[in-house]
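What follows is calculated from the coordinates using simple rules that are stated; it is not laboratory data. Not measured: the values here are computed from a predicted model. Every residue, glycine among them, receives a Cβ derived from its backbone with ideal geometry; neighbour counts consider all protein chains shown.
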Amino acid sequence: MTIQDFIPKAYTTVVESGSVTWESPSNIALVKYWGKKEHQIPANPSISFTLSGCKTKTTLSYSKKETSDDFSFDVFLDGEHKDSFKPKIETFFKRVEVYVPFVKDYHFKIETENTFPHSSGIASSASGMSALALCLMSIEMKLSDVIQSPSTPLRTGSTERVFNDDYFNQKASFLARLGSGSACRSIEGDIVGWGLHKDITGSSDLYGVKYPFEVHESFKNYQDTILLVDKGEKQVSSTVGHGLMHNHPFAEQRFDQAHKNLSMLINVFKEGNLDEFIKIVESEALTLHAMMMTSLPYFILMKPNTLEIINKIWAYRETSDSKLCFTLDAGANVHLLYPEKETEKVLEFIKNELVAHCQNGHYICDQIGFGARLIIN
Ligand code: DP6
């Protein structure tokens, strides 16, 4: 697929108004996206587990306007006006306009809510932007006069070849990427790759693809418990963070490393080699932070409690046969990844040793999930 394939033909149906609701999850990267080119093209490929419980529900109501000269929308978070979200959404609309040209024809009411607390330090851009992109796709489908079959409803409700689930998901992911890069990995589950990679069939810089190869059953229902170390606003927005990879002294080596780590993960997924999984995932997390520490300006986004937790995880692994490991986003919170069969023991370990390092003792239990869901069409 190329960019041209996402520019629609003239719409065939007139729709005055309506409303659509999608629920879309967050995701946690194993190989990190850090650094991007123009038009939200990633500097290196990444791969993530789609989450299950951490998600955003968005209702997009639309009503036809008199004129189509500008964007017009209101945003609500948990029922309250949220004007601070508007600039990011305006930028998103500008970027997607050529692919969903109806965005200027309607006034939109965007009502959104997250299952995780807004002040948890968990980025809602992946789940939020993917939910919004999916809502736009549902509207596009209505404008495109798609025949719906009640007998074999697909996830999107579409049956036509031109608008089958693959195209719908690909374009939703393509649009979501233009809102926030990592959002393109939140449409499907349970493992999604984004960015051209020589060993991953169908991979693209333009959208995320469901991981196409064999995955060992050790990864089934893999757990992610998110330890909330610092619930404050992000010190560095990821957009600024990505910018720091331009002229970064280690950029080329880092991008090369991401390709290699992704190649290695293919075997790890196939064979269920959890020791190798741990090495790749923890090294990726620390490399992400190393990139931030070695850029100009430089940042330390880990907190003392982040390091306390990491050291305790390593000590725990030394004294047990646990395969518990950690990963980090561009912040201080720690994601604990572990096989489902270790759940009881790990939760005990968290309660006994790690909870003391969480802000107000807060953590969120989640696990690998299967992607976004249409709630109301
Ligand atoms: C560290 O997707 O938030 O979480 O494209 O600028 O919106 P923008 O960035 P964003 O970056 C996420 C960075 C990361 C790693 C990852 O999720 O791969």
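Rounded to the nearest Hz, the phi-derived 3J(HN,Hα) couplings of segment 221-229 under the Karplus curve 6.51 cos²θ - 1.76 cosθ + 1.60 (θ = phi - 60°) are 6, 3, 9, 9, 9, 9, 8, 8, 7, where x marks glycine and proline. Amide H contacts under 5 Å for D366: D224, T225, I226, restricted to partners 5 or more places along the chain or on a different chain, H placed in the peptide plane at 1.01 Å from N.
Fewest neighbouring Cβ atoms within 10 Å first, the residues L143, L288 line up as L143, L288.
Close amide H partners of I191, meaning residues 5 or more places away or on another chain with modelled amide H under 5 Å apart, are T50, Y211. Would you work out which of S180, T201, P212 lies farthest towards the positive end of the dipole of segment 170-255, given +1 charges on the beta-carbon of Lys and Arg and -1 on that of Asp and Glu, about the Cα centre? The residue sitting farthest along the positive end of the dipole is S180. Taking other Cβ atoms within 10 Å as a rough exposure proxy, K303, K36, K270 sort from fewest to most as K270, K303, K36. Ordering 188-196, 220-228 by mean Cβ neighbour count within 10 Å, with the highest value first, yields 188-196, 220-228.
The separation of segment 31-45 from segment 1-30, counted between C-alpha centres, amounts to 22 Å.
At a 10 angstrom cut-off on C-beta neighbours, averaged per residue, how do the peptides 17-30, 102-115 rank from highest to lowest?
On the way: 17-30: 23.0, 102-115: 18.9.
Sorting 17-30, 102-115 by mean packing, highest first, produces 17-30, 102-115.
In order along segment 104-111, the Karplus-derived 3J(HN,Hα) couplings, from 6.51 cos²θ - 1.76 cosθ + 1.60 at θ = phi - 60°, round to 8, 7, 10, 8, 10, 10, 9, 10 Hz, and Gly and Pro are given as x.
Near the amide H of V31, within less than 5 Å, lie the amide hydrogens of I47, all on another chain or at least 5 residues away, with H placed in the peptide plane.
Note on K303: lysines with a C-alpha under 17 Å away, same-chain residues under 8 apart excluded, are K231, K234, K312. Working note: 222 nm ellipticity from helices only, DSSP H runs with n ≥ 4, each -39,500 (n - 2.57), summed and divided by the residues of the chain, gives -10000 deg cm²/dmol to the nearest 500. Once you reduce segment 64-112 and segment 190-205 to the center of their Cα atoms, the two points are 30 Å from each other.
Could you let me know the centre-to-centre spacing of segment 254-280 and segment 316-376, using Cα atoms, in angstrom? Rounded to whole Å, the Cα centres lie 20 Å apart.
With neighbours defined as other Cβ atoms within 10 Å of a residue's Cβ, the residues Y167, Y298, Y211 order from fewest to most as Y298, Y167, Y211.
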